[in-house]
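The values are calculated or read from the model by the stated rules, or taken from the named source; none is laboratory data. Bear in mind the structure is a predicted one, so any value in this text is a computation, not a measurement. Virtual Cβ from ideal backbone geometry, glycine too; neighbours counted across all protein chains shown. Surface accessibility is based on the protein's heavy atoms, side chains included, excluding ligands, DNA and RNA. Shrake-Rupley method; radii C 1.70, N 1.55, O 1.52, S 1.80 Å.
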There are 2 protein chains.
Amino acid sequence: MKGNIVVGQSGGPTAVINSSVAGVYVAAKQLGVKKVYGMVHGIQGFLADNLCDLDEYLDNETGVELLKRTPSAFLGSCRFKMPKIEGNEEVYEKVFEIMEKHDIECLFYAGGNDSMDTVKMLSDYAAAHNKPQRFMGVPKTIDNDLPITDHCPGYGSAAKYIATSLKEVIRDNSSFGVEKPTILIAEIMGRNAGWLAAAAALAKDVDCEGVDAVYLPERTFDMDAFMAKVKDLAERKSSVVIAVSEGIKLSDGRYVCELASEGDVAVDAFGHKQMSGTAAYLAQAVAAETGLKTRAIEFSTLQRAATHLASLTDINEAFQVGHDAVIAAEEGKTGMMITLDRNGNDPYQCGTSVYDIHAIANVERTVPDEWITEDGCGLNEGYEKYARPLIMGELQPLFVNGTPRHLVRK
Amino acid sequence: MKGNIVVGQSGGPTAVINSSVAGVYVAAKQLGVKKVYGMVHGIQGFLADNLCDLDEYLDNETGVELLKRTPSAFLGSCRFKMPKIEGNEEVYEKVFEIMEKHDIECLFYAGGNDSMDTVKMLSDYAAAHNKPQRFMGVPKTIDNDLPITDHCPGYGSAAKYIATSLKEVIRDNSSFGVEKPTILIAEIMGRNAGWLAAAAALAKDVDCEGVDAVYLPERTFDMDAFMAKVKDLAERKSSVVIAVSEGIKLSDGRYVCELASEGDVAVDAFGHKQMSGTAAYLAQAVAAETGLKTRAIEFSTLQRAATHLASLTDINEAFQVGHDAVIAAEEGKTGMMITLDRNGNDPYQCGTSVYDIHAIANVERTVPDEWITEDGCGLNEGYEKYARPLIMGELQPLFVNGTPRHLVRK
């Protein structure tokens, strides 16, 4: 590449989205790219010409390693939806103007569905207006709901956090040998896809009985069936731990969390409802119905921010997709996203390829039917085989003063 | 010691309470004690003659190391209050009967205030009835509210979890460069003492701005002052993170969490109110008052169960107090608790001694006034010097299949 490049981060942060920035940086430097810019707060910051020079942070012995161990979006993120091209040409022209100003040949954007839409819109505009600049998508989402790719960087670490935390919480909840169990309900992120909630199934091992049920948005939530299940478990067990996705819905289409907030649910820039309170609502309902002690836990943003417990497989793959996006751009590709392609499970092997962004942007992939147990509240071996390799391995944080050290933008 | 011994765990679990069991076991075996029994579910299980032989789990190469890395109470816990002696002599006689049956010379009980009351009652009964059996308290509580001892095993690990998680959550919350900040309110355990909430102050370091305010139960909570503080922060900052203790109270004596549940708060065997919902209530109040986006996070039982992030200092000290309780009992002591005595901070040094249980049981120590900032919502350097050494060091979990492996009772 003769020109410079820019990399941005968009949407909800993950534990490993910074590894993708590291991957872009390292590959670009290997190719002799002069300047690797970072967008400060994604495309929104880019439109305001808010850039930083990554050399400032990474061109030293420890920068890249520290960046890999830093949670959330190092460059800052945004939730900015590109307007439709027609009638908003000036927004698009602005992007190209800033690219030209800094001699930026290729733009890399790490994000999920909405961010891939940005890559699509920009590459479509470039194609329609014969612009030479290239645009590459770098997959990132704890939700694991991008299509085509086998899985998404960010998912493995969130899944590892969920499985580990649930093992610890199950152990805690079962420490009292009481006659009547405490019913613990853990709420896990995931608006329409149950991938994250499914990771609760990974808590099960020879040293842990696992969760007693997992409720996914892929199945309609039936309050009566749920209550019957809880009562049955409570009669048989001295500890009950149930995982629910924040996105579970009733047959009338309402989210369970909407019952909690009486319909007063905030909406973000993409029109997505802000979720929360599903577990608290269910815990209260169970307590009221059964008189049992209940406890609600929301993993909240901890599940996407816990880099101290990131999966090494995930960190490496996040790095790889960033790295390979640069290689693909160097080969002239544009309007594509890097995908992860699994070649085998025993041993786990995974490569990358590139795929047309049009097939990816705005498409959500949910948990396959065949991996959900017949009663609708569990995952079978198919999921276990798919997900277990993604949580393998650890990268020890650099602990300073008792907590993990992070890299910070000035 | 000629006879056998028994060790029990009581009250809320911690990340390192099993290290104390390991310490008791190792010291006893070094002294040639034949049988080290474990009470299954504390004194309640003991009264039902529910014992296990720790050799079965620990007399092998990895048992002790795995036990140290296992969260919650390996032996099972209980919340059982010994009845007053008068009129309940048969309960006390039962304890001695079971001790005699198994030739148990000394009973070790790891727990907090309520558990130390059990040690006191039993040793008082023994003294009054000329029983030769001995009773030793082993301190354990994430609440850090036992008197006399410099600090309590369990606290350092909970503090490390809180500081680390808050660093990650602060990073997450500040990733969006929005004009109006999200107000994040994190709820931390602690009924009457603010030790755990204070640990939020440890998130601050050269790579983290730290939390914007900490509300402790040591100070009366004023909703108007809180709201004014939030509004001021929201005007100046693009991310606001506030830590609150679950135990904060209004000037009329009501807990803030009681406002959330409209006074309908459950009570445990010791008459303690079950707390929860403080952050959710405040987040809702802030959203209603300011229109800002808010998010509530409760660390819930995660903060006491996260052995994967335990402090090595804490693990070692938990081991030491168990170990030294056995040494003290060997010397003939009874009705005492092991205390941690700090000898210096630079470098941090800490020894142990023994102290009369009567001065400890049922006494709660709160955060000293001189460590709380003048505005009542922060901690000063005095606390930093006290607490920082307690979160230092890590003990890498044994990861198997992507999650930490735990030792399990059959």
**Condition broken by A:E370, with the remaining ones in (1) within 9 Å of chain B (Cβ to nearest Cβ); (2) open to solvent by 60 Å² or more (accessible area, probe 1.4 Å) satisfied** = (1)
**Request:** Scan (1) over 28 Å from B:G332 (Cβ atoms); (2) more than 18 Å from the chain's Cα centre (by Cα) for the single condition B:Y92 breaks and write down its number.
**Result:** (1)
**Message:** Exactly one of these conditions fails for A:A27: (1) part of a loop (DSSP other than H, G, I, E, B); (2) more than 14 Å from chain B (Cβ to nearest Cβ); (3) at pLDDT 95 or above. Give me its number.
**Reply:** (1)
**Complete:** Here the residues within the range A:42-67 that are in contact (Cβ under 8 Å) with a residue 12 or more places away in the chain, within 18 Å of A:Y109 (Cα to Cα) and within 14 Å of chain B (Cβ to nearest Cβ) are A:G42, A:I43, A:Q44, A:G45, A:F46, A:L47, A:D49, A:L51, A:C52, A:L67
**Request:** Sort out which residues of the range A:40-72 are open to solvent by 10 Å² or more (accessible area, probe 1.4 Å) and closer than 23 Å to A:V400 by Cβ, and write them in order of number.
**Result:** A:E56, A:Y57, A:D59, A:N60, A:E61, A:T62, A:V64, A:E65, A:L66, A:K68, A:R69
**Asked** Is it fair to say A:L122 is buried (at least 24 other Cβ atoms within 10 Å of the Cβ), in a loop (DSSP other than H, G, I, E, B), of a type in the set (A, V, I, L, M) and more than 14 Å from chain B (Cβ to nearest Cβ)?
**Response** no
**Request:** Being open to solvent by less than 40 Å² (accessible area, probe 1.4 Å) and more than 12 Å from chain B (Cβ to nearest Cβ) is the filter; apply it to the range A:374-410 and report the residue that is farthest from A:L67 (Cα to Cα).
**Result:** A:G376
**Asked** Pairs under 8 Å by beta carbon, first residue more than 14 Å from every other protein chain (Cβ to nearest Cβ) and under 17 Å from B:T141 (Cβ atoms) in the range B:306-326, partner open to solvent by 20 Å² or more (accessible area, probe 1.4 Å) and assigned to a helix (DSSP H, G or I), six or more apart or different chains?
**Response** B:F319/B:V26; B:F319/B:K68
**Request:** Among residues belonging to the range A:164-185 that are open to solvent by less than 10 Å² (accessible area, probe 1.4 Å) and more than 18 Å from B:P71 (Cα to Cα), point out the one that is nearest to the other protein chains (Cβ to nearest Cβ).
**Result:** A:I185
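Out of the residues in the range A:302-339 that are assigned to a loop (DSSP other than H, G, I, E, B) and either modelled with pLDDT under 95 or not β-branched (V, I, T) (or both), which is most open to solvent (accessible area, probe 1.4 Å)?
Let us first name the residues in the range A:302-339 that are assigned to a loop (DSSP other than H, G, I, E, B), namely A:306, A:310, A:331-335.
Then drop every residue that is not either modelled with pLDDT under 95 or not β-branched (V, I, T) (or both), which leaves A:306, A:310, A:331-333, A:335.
On the way: A:A306: 4, A:A310: 4, A:E331: 120, A:G332: 44, A:K333: 67, A:G335: 7 Å².
Checked the range A:302-339; the qualifying residue most open to solvent (accessible area, probe 1.4 Å) is A:E331.
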**Asked** Any chance the range B:352-360 includes a residue that's open to solvent by 40 Å² or more (accessible area, probe 1.4 Å) and assigned to a loop (DSSP other than H, G, I, E, B)?
**Response** no
**Request:** May I ask you to say which residue of A:T14, A:T70 is within 18 Å of B:S175 (Cα to Cα), touching a Gly at 6+ places or on another chain (Cβ under 8 Å) and either within 14 Å of chain B (Cβ to nearest Cβ) or assigned to a helix (DSSP H, G or I) (or both)?
**Result:** A:T14
**Complete:** For the range B:94-114 the number of residues that are at pLDDT 95 or above and either more than 25 Å from B:Y155 (Cβ to Cβ) or assigned to a helix (DSSP H, G or I) (or both) is 13
